[in-house]
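> Got a structure for you, questions after.
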Amino acid sequence: MDSTASNETRLADEQRERRLQRLGLNSPEPEEKFDRIAVLASSLADAPIAMVNFIGGQQMFRGLCFPASDQKQGDRAGIPFGVGDLPPAPDTRDAPIDIGFCPHVVRQKAQLAIEDVLASRHYRNNPVVEALNVRAYLGTPLQDNTGLIIGTVTVADVRPHRWTDKQKSEMQFLAETLKPEFQLRDSVLAQQDELLAVFDRAPFPMMLTQGPEHLLRFANTRQGSAFGRADLLTPGREAYPTLQDAGVFDTMDWALQEAQVTELRSVTVPLHGANLSQRFDFTCTPVRLRPEAPVNTVLTTAIKSTESAPGSPQQKLAQDLVSSFANPPARDSDS
């Protein structure tokens, strides 16, 4: 691959990963709607393995039908990968980006049908063949509502399988049925962006982070002036090392893990660009980006300890803003 093609591939990978982060699909948590699509794909293709696989920095099987895991829809069972000399890992919903066939589908932007992997000189040595005993594969590009390919709808068999034109067409149809889901996520995110615009005028630091790495989804103006500005989707600990040193991200970890509001009171933090420090009370509130989504986002406020007494104007405003984000008003259906 020449340098130009290599650079284009890298840029495409980065664009796809940012899009998955935006949609909240950059982790391998299962989702029932995607599991149902995988079960339906398995039935339509008469194949024992099926998945809705999102391709970012890793492969993430948010939808999965895999009989060896004896899974039920919506649970956290996954695939028992064993690659090369490594023994099978505990059932997992993710895989490295350099194994399997789905990454090829995403980069080629075309459906890939392999009726007998062992008869293919190009694909027969792929580690997934031995790891999962895959002998046949049919992968279909999964586009979001903007036309960007973000993953695959995939079926596979443990024996050679002649994929019919009807099965190929049905897999393409299933992939199309997921576009309204991505459109809905964009609509909810747009509504949240409107609320975050209000947050930007808050007279105290606020930030919204996502996932165990606390990827920065939003930071208001006061957050930047108090603790420094950072690029969106940067891991929080990397964006705000002074908050990491103060124990704020440990508190956020706990809020995310326990799905409950957690406070860190009277913590001294150096102010950005100033040779002085300030004492803050931090409140970390776990929220859902969508009603049916897992709790994987934390809204963190920082109020000066001298201004954060219960019932104070600053505290009341913070509570009102957090409540408005956790319980946004319903949009009109025709808006």
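> What number of residues in region 171-183 are open to solvent by 20 Å² or more (accessible area, probe 1.4 Å) and without any contact (Cβ under 8 Å) to a residue 60 or more places away in the chain?
Summing the residues that are open to solvent by 20 Å² or more (accessible area, probe 1.4 Å) and without any contact (Cβ under 8 Å) to a residue 60 or more places away in the chain in region 171-183 gives 5.
> Ok, one more. What residue, among those in region 129-170 that are among the aliphatic types (A, V, I, L, M) and assigned to a strand (DSSP E or B), is surrounded by the fewest Cβ atoms within 10 Å (Cβ to Cβ)?
Ranking the qualifying residues of region 129-170, first place goes to I149.
> When F204 is evaluated against the numbered criteria (1) in contact with a Lys or Arg (Cβ under 8 Å, 6 or more places away or on another chain); (2) open to solvent by 10 Å² or more (accessible area, probe 1.4 Å); (3) in a loop (DSSP other than H, G, I, E, B), which criterion, by number, is the only one it fails?
(2)
> Condition check: hydroxyl-bearing (S, T, Y) and in a strand (DSSP E or B). Does Y123 satisfy that?
In short, no.
> Let me ask something else about it. Any residue in region 249-258 that is touching a Phe, Trp or Tyr at 6+ places or on another chain (Cβ under 6 Å), among the hydrophobic types (A, V, I, L, M, F, W, C) and surrounded by 21 or more Cβ atoms within 10 Å (Cβ to Cβ)?
no
> Give region 207-248 a look and list any residue that's among the charged types (D, E, K, R) and either open to solvent by less than 60 Å² (accessible area, probe 1.4 Å) or part of a helix (DSSP H, G or I) (or both), or say none.
R217, R222, R237, E238, D245
> When you check E194 against the structure, is it within 26 Å of G56 (Cβ to Cβ) and either more than 25 Å from the chain's Cα centre (by Cα) or open to solvent by 10 Å² or more (accessible area, probe 1.4 Å) (or both), yes or no?
No; evaluated as a whole, the condition is false for this residue.
> Select from region 276-311 the residues that are more than 30 Å from the chain's Cα centre (by Cα) and open to solvent by less than 20 Å² (accessible area, probe 1.4 Å) and write down the one among them that is modelled with the highest pLDDT.
Of everything passing the filter in region 276-311, F280 is modelled with the highest pLDDT.
The values are calculated or read from the model by the stated rules, or taken from the named source; none is laboratory data. Given the structure is predicted, the values throughout are model-derived calculations rather than measurements. Note that we place each Cβ from the backbone using ideal geometry, even for glycine, and neighbour counts take in every protein chain shown. Surface areas here come from the heavy atoms of the whole protein model, side chains and all, with no ligands, DNA or RNA. Shrake-Rupley method; radii C 1.70, N 1.55, O 1.52, S 1.80 Å.
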